[in-house]
1. Which condition does Glu572 not pass, out of (1) surrounded by 24 or more Cβ atoms within 10 Å (Cβ to Cβ); (2) of a type in the set (D, E, K, R); (3) touching a His at 6+ places or on another chain (Cβ under 8 Å), if it passes all the others?
2. Of all residues being over 17 Å from Ala279 (Cα atoms) and aliphatic (A, V, I, L, M) in the stretch 47-69, which is surrounded by the most Cβ atoms within 10 Å (Cβ to Cβ)? Just the residue, please.
3. When you scan the stretch 580-593, how many residues do you find that are outside any loop (DSSP other than H, G, I, E, B), buried (at least 22 other Cβ atoms within 10 Å of the Cβ) and touching a His at 6+ places or on another chain (Cβ under 9 Å)?
4. What's the total number of residues in the stretch 530-552 that are surrounded by fewer than 21 Cβ atoms within 10 Å (Cβ to Cβ) and in contact with a strand residue (DSSP E or B) (Cβ under 8 Å, 6 or more places away or on another chain)?
5. If you check every pair at least six apart or on different chains, which have Cβ atoms under 6 Å apart with a residue in the stretch 407-436 that is surrounded by fewer than 24 Cβ atoms within 10 Å (Cβ to Cβ) first and a residue that is part of a helix (DSSP H, G or I) second?
6. Filter the stretch 480-503 for residues that are closer than 12 Å to Glu530 by Cβ, out of contact with any strand residue (DSSP E or B) (no Cβ under 6 Å at 6 or more places or on another chain) and not aromatic (Phe, Trp, Tyr) and give the result.
7. I'm trying to understand the selection: among the residues of the stretch 441-451, which are free of Cβ contacts under 8 Å to residues at least 40 places away in the same chain and assigned to a helix (DSSP H, G or I)?
8. Looking only at residues in the stretch 230-276 that are crowded, with 17+ Cβ neighbours inside 10 Å and polar (S, T, N, Q), which one is farthest from Gly52 (Cα to Cα)?
Amino acid sequence: MMKRLFVLCLSCILFANLSAQVHWKLSEKSNGILLDLPQLDEAYSDHIEMSGEQMAFVLRWNVTEDKAFTAERSLVFPMLRTIPNNTHASLLHRIKTDIPSLLSVNGLNLQREEVVDLEIDGCLRVVSNFSIGKSNIGLGAGKVMLPTLQMERIIYPSPTKPLMCELYTLKNISQKPITVFVPEFSQSHTTRPEKGVDGAYIIRAEILNPTTQVLQPGETLGFSAVFQAYRSTEKAVVVNPIDEWNGRRDFLNMIDENLVLETPDAVVNREFRFAKIRASESIFKTKGGYMHAPGGESYYAAIWANDQAEYVNPFFPFLGYETGNESALNSFKMFARFMNDEYKPIPSSIIAEGTDIWNGAGDRGDAAMIAYGASRYVLAKGDKQAAEELWPLIEWCLEYCKRRLNPEGVVLSDTDELEGRFPAGEANLCTSSLYYDALLSASYICKELGKGSALSASYQRQAKTLAANIDKYFAAEMCGFDTYRYYKGNTKLRSWICMPLIVDIFDRASGTIEALTSPHLLMNDGLLTEQGSATFWDRSTLYALRGIFRAGKSDVAYDFLKQYSERRLLGEHVPYPIEAYPEGSQRHLSAESGLYCRVITEGLFGIRPAGFSSFKLTPHFPKAWNNMALRNVRAFGSNFDIVLTRIFGKKVKMEILLLEKNKKITRVFNEGETLNIRL
């Protein structure tokens, strides 16, 4: 008992340490976040990724000590393939053209920029004031230069074209008329033809709407800059940046209207909204169809058994984003091409717009990942036709895993999703946990598709046996905790010991949660991958958060979630979950944001798909809350709200509002109780 209290006290200290220095605040006028400029007493820099169907960019930006804004654009064009045409073969180009330096007012250059507003809201919006002409040298004692021009710039990707846009609005904030000169400007770079799959590519930057105009006090003018790439045999895209901005806003509005989280915690609500954006925007229209991709200036026009099949695909039915659902179905079809009678491993990744594969780490447990993700996807989607189409893949992957069982009854694999970065032994806890959950999902699908009660019961029996084998093989005392070893011979705690929790194996939940939240694993940025290392990956942190909620430890999970959300949304590197550190410099890989969303849908609300129109609901209320809701949930073939209210003691009232059927399902139940919901 004393040891448990000691661990909990240490965990409280560590949760407090999770909070980074806060640099941002929630916008009250939008769904965005604002840089807290008055509190910024030194230079600040960050990077953010944004995507459309034909390109992505990483914006590396900086506010200097003098409050000037600078930025470098790292442009990525996934469908302009380079040689060798491997995983990383997207056309990349960095460009640092400083558009404000090209302008002049009254024949003089802009000086003394001061950023007065900087917001992230599905775009980057920067408002700066400039003085004109002379520096402050020689002005005389007590004299200051008053700002003359205010500039707003909005930076965003085109939703459908291979380009990014920057909208500029200039406003005369002086007391006199000014003459503003926006020059004609373009620059281009042609790549070497032997380095491109389609020959040479042209990267072009240009100013649209050049003009010379007199602005009276308070008047404005607008222009734009466009950065694009295309094949040398093609012409530059003719673009209207306002149309592209409207298209980007339409996408953001769709995100804001569907799967809306309402809780007493405004930061968690807002981070959920941001995670929906990043999880959904990184989908590329390739010659192989829509392909969701991680991003990070490395991984595009390609899919993985973990990032796409396991992490993000099961989320899209809840959001109801049809492009996301289409990309999910397409990815599973791509993996299905590699089923074979010899039960050789399915490739870990399908690359180059679906034309090639990467399998450099061998069998990572990919069949378990695919079976888990595909079965959850078809259940949540509630689409019988899609389920029929994917059933052979699910069945094949389950049979593959069955054939890979070792004498102790757990699944063998060459490595795991970390691809050898950390040891995983011959059989790891992650692969067997995913296989266990996939067996249960498959038993539900059997009933929906009429595959027979015998097959459904067989999958249930296999799952029960596997759960027992997981406990026998992996259960261990690690650092004094009654938890799991990640593989046979493992002597250090690993963050992936959370995996049984996310698939509702709770035999060692208490010890596992104590281990996860102990100083051995829980650090400022989340969970270390391995005890004693300096490496963390958000994906295991987010899995652990979901698992702790599912185990019913809602207050521990919420404290963890609150601190994590504040760090990612309002801290030093914002606004999305990240991949890893030190690897990748905390890239905003897309599927991690899908995992954050699943902490809410499957963890906090406890939704577990159980049929095409049914699910199990086990909500986990933090004690500090009396209500929470998910609005416009698009899963299970319906559009519905889930509204939960604490009514007295440990009683909770649930209302499910079926928005298109004018129907309400109401239940009163005890906290921690699982409800079987049929819509």
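1. With (1) surrounded by 24 or more Cβ atoms within 10 Å (Cβ to Cβ); (2) of a type in the set (D, E, K, R); (3) touching a His at 6+ places or on another chain (Cβ under 8 Å) applied to Glu572, the lone miss is (1).
2. Val63
3. Count: 2.
4. Matching residues across the stretch 530-552 total 3.
5. Qualifying pairs under 6 Å: Glu408/Tyr473; Gly409/Asn469.
6. Asn490, Thr491
7. Listed by number, the residues that qualify are Ser443, Cys446.
8. Restricting to residues being crowded, with 17+ Cβ neighbours inside 10 Å and polar (S, T, N, Q), the top hit is Thr263.
The values are calculated or read from the model by the stated rules, or taken from the named source; none is laboratory data. Keep in mind it's a predicted model, so treat the numbers as computed, not measured. Glycine gets a Cβ as well: all are built from the backbone with ideal geometry, and neighbour counts include every protein chain shown.
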